[in-house]
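As structure tokens, the structure follows; a few thoughts come after it.
The values are calculated or read from the model by the stated rules, or taken from the named source; none is laboratory data. The structure presented is a predicted model; accordingly, all values stated were derived computationally and were not measured. In this analysis, Cβ positions are derived from the backbone assuming ideal geometry, glycine residues included, and neighbour counts consider all displayed protein chains. For accessibility, only protein heavy atoms count, side chains too; no ligands or nucleic acids. Shrake-Rupley method; radii C 1.70, N 1.55, O 1.52, S 1.80 Å.
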Amino acid sequence: QDFSAKPARVLRPATWAAHKFWRRVITMPEKQNEKIVLDLVVATRENTSKLGYFVDDTVVNPGLGIPFYKTVLEGANYEHADWKDQCCVRTSQIHWRDDHSVSWLERHMEMTQGFLVIGKNPGLFVLGEPTHDRQDLDEKNRSLPDPKRTKAYIIPAGMGLILKKGTWHDFPVSCGPPVSAFILNTEEVVAALASMPQAGPMNHGDCYKLRLSEHWDFTMQFPDPRPFVQMHGLVPHPVAQPLMGKEGYGVGMSREEVKPGWGAGKKVFVIPVVNVEVFVPGCGGPSVQPHLQSVPEVANRGWRDYGNQRGLERLARMFKELGIPATAVINSEAAKVEKVNKAITDAGWEVGAHGVNNSSGAAKMNRGEEEAYFKQSLDDLEQSLGARPKTWLTPQFSVTERTPEIAAQSGIQAFLDFVDDDVPYHLVHEEGKRTLALPYCMETNDISLCLTKHFDGRQYAQAIEDHVRQLAKEDGEKVVCLGMHTFIAGTPARVLPLQEALARLREVPGVCFATAEQVSAAIAKNDQASARFALSKAEQSAQNKYAGGWVMALLLKEETLHC
């Protein structure tokens, strides 16, 4: 059986409960592609008590009777901390590494080892509880770490840990900026490590070191520590956060500019994007009066529900009266609501996908979970509304670094999750998958304008009109994904000025209203026409140098978007 095609699943501590014995996870062949992602925690005296002796500014076992210094509070020696025959000390500086896998773990049975984090930056330590004296394990497994009792500990600067005998550990890891460590060891261990011609398992010189891949059929990783240490204030300066891949558009994704000419003479394509959403009861959501926090909370919940009760139909009537197309991005659970389903079907809008509900996104999902999330949303919307969406907007922008790739492989042709431009652009994965990014405009979004900036209905509509008119004065073909929510834009005081503003924009030269699907199709046809033009031009003789321009003009006239 070929296991290579199976996506890696991440086992987190919560899912370990489903496995009665972790040894079964190790030995079952169908688990060979799994990853265990360790918990990331700040080390304290309490949570490291089974691992070692935590070192901070607290004096442990005070009261040692040394009579020479009256102003000194002396602590007694750690009872079980010793360095065998000869202790040695050294310092090291550890730099950032992109690989977060744990390849090695070791333990020492005849001495303790100490790590003190010096300087201003914290360090990450992968530590597992001793197993050598565990009565619940057999002899074989007492010689292995227990992944259920292994975590990634962040030791703050100026603190440290003296490991107990038998504690499993890896060498410290940088949390972004370089970390310096003061290390207490024995000559025997250092000599044994230095005698190795290359990295490999060890069982001599009081150093028992395992290559984990030789014992486990899953991999162990720690999370990227940079957001964690930033959030907990453990670094003195801002830490560069991980990007969405090299270019910021997702792992393996690169940006490719759209060929000009797809607009058939139009300059600004306004795409009304109506967000149709439902929220998990009791989990909150956007609020008109955020100070209301009682449980059960009925006012803000009812304000959101108003969107599907009345706002959706009001927006549908407005667009019908204006003769303007729209794209509805819909939670798949919302499409199962009879009133919503009928309104969307009657409106004749393009149906786009907006996840399952608006209380959950993809941010904490592993790859397999996110692929299933896309499939569930698309399958359910197709079943409820009769068409499989080709447009996608992730709820709450709750994305992972894989979301653009998974969208492309799921057949999404218009991807709305990025907000960084006024022009569309292709997103191309290194394996060939591709989708079209239509930037979602935050400056014209009703949440930005009405809830964040507190614009009234007239100010909201005027901001949209000013934004589009300015773009119409500029060169190039632009898009404005005009995001609106049924419970904000769909209220009476906003629909009236919005309808007036859109009616005026409809008459502005160079402005065109379209759906995301229409813009995507126009760009695809322009790309095809450009490719055929290039082929036709290559086949023409050098004497007929003007024929290529005539062919291109004919192709564009035949295939571009008409407004």
(request) With a 1.4 Å probe and every protein chain kept in, tell me what percent of the accessible surface of the chain is carbon plus sulfur. (result) 53
(request) Give, in whole angstrom and from largest to smallest, the semi-axes √(5λ) of the equivalent ellipsoid of the stretch 371-425, with λ running over the eigenvalues of the Cα gyration tensor. (result) 20, 13, 10
(message) Taking amide H atoms as placed 1.01 Å from N in the peptide plane, list the residues 5 or more away in sequence, or in a different chain, whose amide H sits under 5 Å from that of residue 485.
(response) 275, 446, 490
(request) Round to the nearest 10 and give me the degree value, 0 to 90, for the angle of helix 338-347's Cα axis relative to the longest principal axis of the chain. (result) 50
(request) Using every pair of alpha-carbon atoms in the stretch 121-235, split the distances into 5 Å bins beginning at 0 and state the percent of pairs per bin, rounded to integers. (result) 2, 9, 18, 20, 20, 17, 10, 4, 0
(message) Just to check I understand the Karplus step: with θ = phi - 60° and J = 6.51 cos²θ - 1.76 cosθ + 1.60, what whole-Hz values come out for the stretch 414-425, glycine and proline as x?
(response) 10, 10, 10, 6, 9, 10, 9, 7, 9, 10, x, 8
(message) In whole Å, what are the extents of the stretch 242-283 along the principal axes defined by its C-alpha atoms, from largest to smallest?
(response) 49, 32, 11
(request) Write down the Kirkwood hydrodynamic radius of the stretch 276-342, to one decimal in angstroms, obtained as one divided by the mean of 1/r over all alpha carbon pairs. (result) 13.3
(message) Taking only the Cα atoms of the chain, how large is their convex hull per residue, in Å³?
(response) 243
(request) Taking every Cα atom in the stretch 273-426, find the radius of gyration and the maximum pairwise distance Dmax, and write them in Å. (result) 15.8, 46
(message) Under the 0.36 nm per residue contour assumption, what length would be gained going from the current alpha-carbon distance of residue 293 and residue 41 to full extension?
(response) 87.7 nm
(request) Could you give log10 I(q)/I(0) at q = 0.16, 0.17, 0.19 Å⁻¹ for the stretch 339-475, computed by the Debye formula over C-alpha point scatterers of equal weight, without solvent? (result) -0.97, -1.06, -1.21
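Just the number please: accessible area per residue for the stretch 167-275, 1.4 Å probe, all protein chains included, in Å².
In whole numbers, the stretch 167-275 has 44 Å² accessible per residue.
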(message) Could you report the accessible area of residue 44 in Å², rounded to 10, computed with a 1.4 Å probe on the protein chains as they sit in the structure?
(response) 50
(request) Determine by what factor the alpha-carbon radius of gyration of the stretch 151-195 differs from 2.2 N^0.38 Å, reporting the quotient. (result) 1.31
(request) Mind checking the stretch 79-112 for GluC sites (Glu not before Pro) that DSSP puts in a loop (not H, G, I, E or B) and that have at most 16 other Cβ atoms within 10 Å? (result) 79, 110
(request) Give the angle, between 0 and 90 degrees and rounded to the nearest 10, that separates the Cα long axis of helix 457-473 from the longest principal axis of the Cα atoms of the chain. (result) 80
(message) Using only Cα atoms and rounding to the nearest 10 degrees, what angle (0 to 90) does helix 516-539 make with the longest principal axis of the chain?
(response) 80
